[in-house]
Amino acid sequence: MVELITLILFFFALYVIVSLSLNLEFGYGGIPNFGKALSVLTGALVVGGILNRLLIWYFGIEGDFISASSLAAYRMTEIVSQNPLIGLGIFLFCVTMAVVAGAIAGALSILPSAKLKGDYLGVTLLAISEVVYLILFYNTEIVGGYYGVSVPDILAFVPGEYRVYAYTVLALICALLVYLFLEKLLNSPYGRILRGHRENEDLIKAFGRDVMKLRIKTMALGSAIAAIAGVVFVFYSSSVVVNAFNRVEWTFYPFLIVLLGGKGNNKGVVLGAFIFVLLKMLIDFYKFDIKYLLHLPFEAVWLQYIVFGILALLILCYKPEGILKEEPIYTPPIKSRLKTNP
Amino acid sequence: MILLETKNLCKSFDGVKALDNVSIEVERNKLTLVMGPNGSGKSTLINAISGFIKVDSGKVIFEDRDITNREPHEIYNYGIVRTFQNPEPLKSMTVLENVLIGRKHSGEEITNALFTSRWMKEEEELVERAFKILEFLKLDHRWDHPSRALSGGQMKLLEIGRALITDPKLIIMDEPIAGVAPGLAHDIFSHVVELKNKGISFLIVEHRLDIVLKYVDNLYVMFNGSVIAHGKGRDEIEKVLNDPKVIEVYIGD
Amino acid sequence: MIDVLIGAMVWSNLLVLLALGLTMTYITTGVPNFAQASFAIVGSYIALTLLRLIGLNPYLSIPVTFILGGILGLSTYYIALKPLIKRKASIEMLMIATLAWDLILFGIIGAYSEVLSAITKKTETLFVFTSLDFNIYGIPGRLIVSSLLVLLTILGLYLLLYKTKFGIALRASMENPSLAEAMGINVENTRLFSWFLSGALACMAGSVLPYLQEIVPQTGYFIVVSIFAASIVGGLYHIVGALVGGYIIGISESLFTYILSILLGPGVLVYSKVISLLMMIATVLLHPRGITGTEMWRRVERWLNL
Ligand SMILES: Nc1ncnc2c1ncn2[C@@H]1O[C@H](COP(=O)(O)OP(=O)(O)O)[C@@H](O)[C@H]1O
Ligand SMILES: [Mg+2]
């Protein structure tokens with residue numbers, strides 16, 4: 001039971017980070033980022049592709065990338081188990097790199113369609129993300145592809161039985177920081193102009209805003225944030241397996257969460273993430289029981305896809321504003337007006 | 001004193017000439033009206049001036065500067081704002097937010113947004129201004145309502161409010177009273193006249209001449225992408241309206 | 001080399017069928033359908049089922065896949081999109097709806113592949129039809145059949161659009177939906193027609209696809225970019241665009257992979273998607289309306305008197 005709760009909390013934290021970043025782009029800014037998975041994958045790529053290569057080079061390990069990575073990860077894990085500070089240092093180093101790489105990936109991926117309307121924007125973002133995913137999946141030399149590569153355990157200093165809890169706490173801290181950051185950032189004229197962009201881009205163009213720049217900056221920021229989730233995820237799983245960063249889990253599900261919780265409302269998105277992860281983890285955790293109980297002649301994961309697809313359609317149709325409605329942005333001067341002229 | 005001038009603007013869509021050598025002048029502190037039947041190129045003219053479409057040839061000159069084919073956001077920086085033919089307010093945002101968003105704000109930069117102190121003063125002044133404007137337009141009692149709750153006429157007023165907060169030199173409006181009841185339409189134009197007296201110039205496209213005529217200083221008539229008649233001042237406007245070419249166009253409409 | 005050319009032609013033919021549906025539904029409904037590739041995989045599994053259960057040759061099952069595919073297309077419109085369009089949902093929301101629908105289809109395909117495996121006592125999650133193909137004077141059946149399907153589709157569409165009253169209304173509303181609506185043409189009918197045809201053509205293409213490559217439930221995720229690239233490069237606002245784009249993308253992908261495989265050895269199929277993506281990005285940057293949206297194309301059209 002504790003195991004299940006920890007699992008739920010860990011993935012809750014990851015989905016909070018990714019969905020909040022999508023809420024920035026889509027919920028506030030109206031950018032249909034159907035390439036969300038790309039930014040999470042970028043975080044994983046930083047750890048599996050860059051950190052591993054640095055370590056292989058540092059330890060002077062020979063051989064093919066995948067087995068050299070295993071050895072490098074093993075050696076680093078040994079070192080970290082004696083030196084907590086090195087582990088945390090590596091983590092911060094990777095987060096920093098992931099933020100930079102995520103920002104670049106986000107900005108680049110929106111560049112081709114930054115001037116176009118929502119449909120072209122969405123299609124191009126999806127296509128770029130899919131192609132990068134496919135290449136990283138089939139080419140095992142970049143970051144292990146479908147075989148996967150090991151990465152060091154940056155919390156190796158924590159005794160084995162507490163390892164998962166430690167990662168969960170780490171993930172929750174990251175999620176909390178992202179939440180506070182975005183709440184502060186978006187309760188401002190920046191949040192206002194993003195909403196304006198979502199409602200009518202021509203109008204804000206006529207009022208002096210460079211829509212292309214706004215989109216590029218917002219995508220850079222959103223992707224930088226989501227890349228952090230990728231870093232936390234791969235350290236937790238001690239490996240990068242590219243399949244784990246597919247479009248369903250890291251593009252579609254975050255959209256489902258934003259819609260469920262309420263687009264444009266960060267609190268709603270956190271709530272949405274919680275409900276979604278609870279459901280998903282229960283299905284994952286009890287998949288054999290479900291299969292047996294319902295006499296399913298197939299794996300429960302297919303049922304999960306169908307259920308979440310239907311759930312998304314139902315929300316779109318019957319509750320497009322989500323559980324918690326969007327609220328106006330009350331900056332301090334507006335808030336004081338609420339008292340003087342209600 | 002000429003504020004804005006177009007010189008021989010041309011624009012074709014798929015071989016159809018939407019603008020055919022259009023030259024107009026907008027005088028400072030005057031209300032210039034462009035009229036003409038549907039499809040005569042009025043909106044295209046506005047789009048060309050405000051940078052929403054790129055013209056094939058010709059020039060747009062504003063305060064002696066060439067602003068032809070600039071991006072819309074650059075044109076705003078010169079002090080020109082425009083409204084759209086089918087105004088869609090930012091529906092899910094409040095009336096106040098709709099006005100506030102008119103003006104560029106240093107708090108919109110991601111690096112500033114995080115530090116409230118960097119944009120607080122600007123925001124205070126802006127909110128103050130916005131309330132004054134809403135009072136002027138008699139929309140202040142609804143400032144915290146979502147703008148989708150407004151009536152059609154109030155939405156048009158809101159458009160004016162959003163334009164005002166930018167301290168513009170020129171406001172361009174595309175059919176500001178289309179679909180508005182006559183009473184409210186006169187209301188809107190009396191606001192326009194008041195603003196004109198405060199030093200703002202107007203370029204307005206409209207074809208409900210019955211209502212707007214008495215507020216107009218200069219008049220252009222467009223048909224099939226060209227200006228077919230124009231007049232400055234009362235007497236010339238009178239002449240234009242009795243011009244057989246103009247009458248024919250309007251009877252044909 | 002000749003095998004490469006045959007493969008390129010078959011793949012292009014199938015892409016044309018898939019892109020045609022995507023373009024048509026985009027024109028009539030205004031939403032890019034992310035489930036288009038999954039339509040094809042549903043077709044593949046329908047053909048597989050008929051083959052396994054009643055021994056019907058997949059080529060002969062094409063009429064059945066056509067009809068079932070049409071029903072799939074219609075249900076996509078009725079279930080996933082129409083309720084939202086009625087509520088005036090934004091284009092972004094409609095796109096999410098097609099993503100959701102795609103996921104539902106993916107779940108159904110995956111579940112069904114396991115159900116079918118249980119019935120036939122074989123693994124049906126991965127299959128090909130290549131060994132079933134026939135051959136006339138060295139020309140493989142998949143080339144003959146896929147070319148015939150494209151020819152028949154074009155001929156049928158031409159007759160329908162240019163020679164019938166319904167077709168004229170249809171064309172009017174595809175060229176300018178809002179104008180057509182104002183003129184009293186029933187836009188809803190053109191939507192139903194395009195969704196039916198979109199599903200039907202895609203499923204038909206899907207029943208030939210296993211002759212060309214292995215099918216797994218995830219195959220849709222592998223081919224979706226190619227379909228979008230074909231439609232966009234050709235031009236999303238013109239049905240002929242799907243034809244032009246389908247051949248350009250299909251042939252470029254195949255030739256590019258061939259050259260790469262000579263240079264780098266096997267396992268380079270995935271890089272064909274890079275070429276599609278680059279062509280798509282180039283189009284989006286330079287001329288978002290695609291080849292059929294260019295001034296030059298219009299001149300060609302006038303010259304052909306279309
Ligand atoms: N974006 C566009 N693409 C193609 N044709 C257009 C476009 N905008 C306007 N037109 C055409 O240009 C002509 C003038 O239109 P418009 O400027 O909207 O007229 P008005 O505002 O006077 O009613 C019309 O024939 C219209 O169909
Ligand atoms: Mg107009």
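The values are calculated or read from the model by the stated rules, or taken from the named source; none is laboratory data. Being a predicted model, the structure only gives us computed values, none of them experimental. Note: ideal-geometry Cβ built from the backbone for every residue, glycine included; neighbour counts use all protein chains shown. When the accessible area is computed, the model is the full protein with side chains, heavy atoms only, and any ligands, DNA or RNA have been set aside. Shrake-Rupley method; radii C 1.70, N 1.55, O 1.52, S 1.80 Å.
Details
- Matching option when the condition is more than 23 Å from residue A:12 (Cα to Cα) and either without any contact (Cβ under 8 Å) to a residue 24 or more places away in the chain or within 14 Å of chain C (Cβ to nearest Cβ) (or both), among A:338, A:313, A:256: A:338
- Scanning region C:276-303 for residues that are facing chain A (nearest Cβ under 10 Å) and either open to solvent by less than 20 Å² (accessible area, probe 1.4 Å) or touching a helix residue (DSSP H, G or I) at 6+ places or on another chain (Cβ under 7 Å) (or both) yields a count of 8.
- Of residues in region B:199-219 being within 16 Å of ligand 2 (Cβ to nearest atom) and open to solvent by 10 Å² or more (accessible area, probe 1.4 Å), the one nearest to the other protein chains (Cβ to nearest Cβ): B:207
- Candidate set: region A:188-228, residues that are assigned to a helix (DSSP H, G or I) and among the polar types (S, T, N, Q); chosen: the one farthest from the other protein chains (Cβ to nearest Cβ): A:223
- Residues being of a type in the set (Gly, Ala, Ser), open to solvent by less than 40 Å² (accessible area, probe 1.4 Å) and either more than 16 Å from ligand 1 (Cβ to nearest atom) or within 14 Å of another protein chain (Cβ to nearest Cβ) (or both) - total across region B:166-198: 1
- All positions within region B:1-55 that are more than 8 Å from ligand 1 (Cβ to nearest atom), under 15 Å from the mean Cα position of the chain (by Cα), of a type in the set (Ser, Thr, Tyr) and within 14 Å of another protein chain (Cβ to nearest Cβ): B:50
- Segments classed as helices (runs of 4 or more DSSP H), wholly inside region C:24-95, with at least 1 members that are in contact with a strand residue (DSSP E or B) (Cβ under 9 Å, 6 or more places away or on another chain): C:36-54
- Tally of residues being buried (at least 19 other Cβ atoms within 10 Å of the Cβ) and either of a type in the set (Asp, Glu) or farther than 26 Å from residue A:293 by Cβ (or both) across region A:303-323: 3
- In the set A:230, A:196, A:222, only one residue is more than 21 Å from residue A:35 (Cα to Cα), at pLDDT 95 or above and touching a Leu at 6+ places or on another chain (Cβ under 8 Å); that residue is A:196.
Listed here are the residues, each with its yes/no results for (1) within 13 Å of ligand 2 (Cβ to nearest atom); (2) part of a loop (DSSP other than H, G, I, E, B); (3) open to solvent by 20 Å² or more (accessible area, probe 1.4 Å).
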{"residue": "B:29", "(1), (2), (3)": "no, yes, yes"}
{"residue": "B:32", "(1), (2), (3)": "no, no, no"}
{"residue": "B:39", "(1), (2), (3)": "yes, yes, yes"}
{"residue": "B:45", "(1), (2), (3)": "yes, no, no"}
{"residue": "B:54", "(1), (2), (3)": "no, yes, yes"}
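- Residue-level analysis places residue A:156 among those that are surrounded by 18 or more Cβ atoms within 10 Å (Cβ to Cβ) and of a type in the set (Gly, Ala, Ser).
- The residue that is least open to solvent (accessible area, probe 1.4 Å), among those in region B:75-103 that are over 22 Å from residue B:143 (Cβ atoms) and at the interface with chain A (Cβ under 8 Å from one of its Cβ atoms), is B:82.
- Those residues of region B:117-134 which are open to solvent by 70 Å² or more (accessible area, probe 1.4 Å) and either within 10 Å of chain A (Cβ to nearest Cβ) or closer than 11 Å to residue B:165 by Cβ (or both), in sequence order: B:118, B:121, B:124, B:125, B:128, B:129, B:132
- Taking the criterion of being charged (D, E, K, R) and open to solvent by less than 70 Å² (accessible area, probe 1.4 Å), the residues of region B:1-27 that qualify are B:5, B:11, B:20, B:25, B:27.
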